[in-house]
1. Using only Cα atoms, figure out Rg for segment 82-147 and give it as a multiple of 2.2 N^0.38 Å.
2. In square nanometres, what is the average projected area of the Cα convex hull of segment 1-47?
3. For the chain, set up a GNM with springs between Cα atoms under 10 Å and report which of 47, 65, 123 has the largest fluctuation.
4. Relative contact order, percent, of the chain when contacts are C-alpha pairs under 8 Å separated by at least 6 residues?
5. Roughly how compact is segment 25-86, stated as its Cα Rg over 2.2 N^0.38 Å to two decimals?
6. Given only helices, namely DSSP H runs of n ≥ 4 each adding -39500 (n - 2.57), what is the per-residue ellipticity at 222 nm of the chain, to the nearest 500 deg cm²/dmol?
7. Choose one answer from 61, 93, 78: the residue with the largest mean-square fluctuation in a GNM of the chain with alpha-carbon springs under 10 Å.
8. Find the Cα radius of gyration of the chain, compare it with 2.2 N^0.38 Å by division, and give the number to two decimals.
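Throughout, read-outs are computed from the coordinates displayed, never taken from laboratory work. Nothing here was measured: the structure is a model prediction, and the numbers come from that model.
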């Protein structure tokens, strides 16, 4: 497995979008619009590919001043529980540190809370339904640099 950065002109970009649509928004008629949100054009995308160049995972990082937002982390079903999510998240956190980001936030599905807690994230506030999907999430934060 290898991590790569994927831009909107990269040959795997459409596959990256499709993976996110399948993972998060497949049952919605406007799935592509939901993926192409306000963060998409300025976000940094990381992808995990196999030796055959198959995209098996992806994640997105958006920088907002001293804060970064990680979103739409996805791993294909057959490749889950193999450390790919951890590898991608570590890459995005490392990039955040290099960019002198103070903290990283994300909205985690309740089914992924333990994964993010193991990676040092703490819950903020109460569990809420996503505005896009209605699926229950919790906002989480990891402090990278203390003020």
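1. Values: Rg = 12.5 Å, N = 66, 2.2 N^0.38 = 10.8 Å.
Normalised by 2.2 N^0.38 Å, the Cα Rg of segment 82-147 equals 1.16.
2. Here the figure is 3.5 nm², rounded to one decimal.
3. So, out of 47, 65, 123, the one fluctuating most is 65.
4. Here the relative contact order equals 19 percent.
5. Working: Rg = 13.2 Å, N = 62, 2.2 N^0.38 = 10.6 Å.
With N residues counted in segment 25-86, Rg over 2.2 N^0.38 Å equals 1.25.
6. Computed ellipticity for the chain at 222 nm equals -6500 deg cm²/dmol.
7. 78
8. Normalised Cα radius of gyration, the chain: 1.00.
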